[in-house]
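J.: Supplied in structure tokens, the structure appears directly below.
Nothing in this text is a laboratory measurement; each read-out follows from the coordinates by a stated rule. All of these numbers come straight from a predicted model, not from anything done at the bench. Positions of Cβ are generated from backbone atoms using ideal geometry, with glycine treated the same way; all protein chains shown enter the neighbour counts.
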Amino acid sequence: MSKSKLEYIWLDGYKPTQSLRSKTKIESDFSGKLEDCSNWSFDGSSTEQALGGSSDCLLKPVYIIPDPLRKDAYLVMCEVLNADGTAHVSNGRATIEDDDNDFWFGFEQEYFLWDTETNKPLGFPANGYPAPQGPYYCSVGAQNAYGREIIEEHLDACLDAGLNVEGINAEVAAGQWEFQIFAKGAKEAGDQIWLGRYLLERIGEKYGVAINWHCKPLGELDWNGSGMHANFSNSALRTAGSKEVFDKVCESFRPVVKEHIEVYGADNHLRLTGKHETASIHDFSYGVSDRGASIRIPVLVPQKGWSGYLEDRRPNSAADPYKVAARIIKTVKSAL
Ligand code: ADP
Ligand code: MN
Ligand code: MN
């Protein structure tokens, strides 16, 4: 008999930012298939998801990948259900209306590698600051790139697990990095981002380095914040062949700025200031190739006869990709 380790992963009920939780289930002669993962339960009173008197919440497996960091193991992404089997209020994935996987998402996940002793990014001296922003973006060399062994290990782990990472790069601030993940299907894109985050947290543990997902961990200072740009399309956008379709979709975002910002991550007013390649949180704008806009129309779109995708630049690094995708889909569907 062979034994497998299945790490059941879910999102807790903390507000405004949900975090990853997980626990291990040992299975005998496990097939590796999602349909052979049984539902499980956990103590929701310890995760802000239930009261002590009726504490059980259910875990419903929805996506599985091999666990590249552990022997004979899998990572099992789960939705959280109430004891009666209905979706828990914290379950953003269940609110995604994309059953035919017509929506494609590419998320650009930025984050800081964080020294828990100095409570600063890797590369920051214990006292004071490193040289100002400029040399760190896409840098090489020990003077400017901090923590490369961690992010290389993360990239290999993601690829070994079959996550569709499209690239990585050093970002504008010291100790800040990015990975990009693309999937055809909004739910899978969210699953893959959360599993990519999970692997990064686990590798960080090994190095004693925390991952800071906050969108503006250095506050008001002149250092970039972290985003999670959401690139999205559906078949209507991919085959539009018309500027009017793009204008119509972009305009449909204008009256629902508040509804979008609500799910685009905590403290986004600190990041969306109109500086550092962002648009002000109070405005709505879109434009071809415009990195100071709320929504950027990639330059390839007009070049390809007005077909392709859009980039909503407002979601931040700590946003839940499930909720971001669910809201974008709702708005796009209202336009077309
Ligand atoms: P940036 O210039 O904003 O850093 P890129 O233009 O290099 O980003 O990346 C574009 C992103 O858009 C990629 O992550 C890719 O996965 C995603 N993307 C490309 N085509 C589509 C599409 N048709 N639908 C949704 N996302 C897409
Ligand atoms: Mn970036
Ligand atoms: Mn981008």
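J.: For region 104-335, what ratio Rg/Rh do Cα atoms give with a Kirkwood hydrodynamic radius?
T.: Rg divided by Rh gives 0.97.
J.: Longer than 32 Å from Cα to Cα, which of Lys33/Lys206; Lys15/Lys71; Lys15/Lys206; Lys71/Lys333 are they? Say none if no pair is.
T.: Those over the limit are Lys15/Lys71; Lys71/Lys333.
J.: If Rh is defined by the Kirkwood formula over all Cα pairs and Rg also comes from Cα, what ratio Rg/Rh do you get for region 3-91? Don't jump to the answer; show the numbers that get you there.
T.: On the way: Rg = 13.2 Å, Rh = 13.4 Å.
The Rg/Rh ratio comes out at 0.99.
J.: Given labels modelled 7 Å from the Cα in the Cβ direction, how far is it in nm from Asp267 to Glu251?
T.: 3.8
J.: Relative contact order, percent, of the chain when contacts are C-alpha pairs under 8 Å separated by at least 6 residues? Present the calculation step by step, with values, prior to reporting the outcome.
T.: Values: 707 pairs, mean separation 56.3, N = 336.
For the chain, the relative contact order is 17 percent.
J.: Excluding residues fewer than 8 places away in the same chain, name every one of the aspartates and glutamates whose C-alpha is closer than 15 Å to that of Lys330.
T.: List returned: Glu97, Asp98, Asp99, Asp100, Asp102, Glu251, Glu259, Glu262, Asp312.
J.: Looking at region 1-38, which chymotrypsin sites (Phe, Trp or Tyr not before Pro) are DSSP coil and have at most 14 other C-beta atoms within 10 Å of their C-beta? Don't skip to the end; give the middle numbers.
T.: Working: sites: Tyr8, Trp10, Tyr14, Phe30; in loops: Tyr14, Phe30.
Of the chymotrypsin sites (Phe, Trp or Tyr not before Pro), the ones in loops of region 1-38 whose Cβ has at most 14 other Cβ atoms within 10 Å are Tyr14.
J.: Once you've got the GNM for the chain with C-alpha springs shorter than 10 Å, pick whichever of Ser289, Ser317, Ser233 has the biggest mean-square fluctuation.
T.: Ser289
J.: Determine the distance separating the Cα centre of region 16-42 from the Cα centre of region 159-233; give it in Å without decimals.
T.: What the calculation gives is 23 Å, centre to centre.
J.: What number in nm² do you get for region 172-234 if you take the convex hull of its Cα atoms and divide its surface by four?
T.: 5.2
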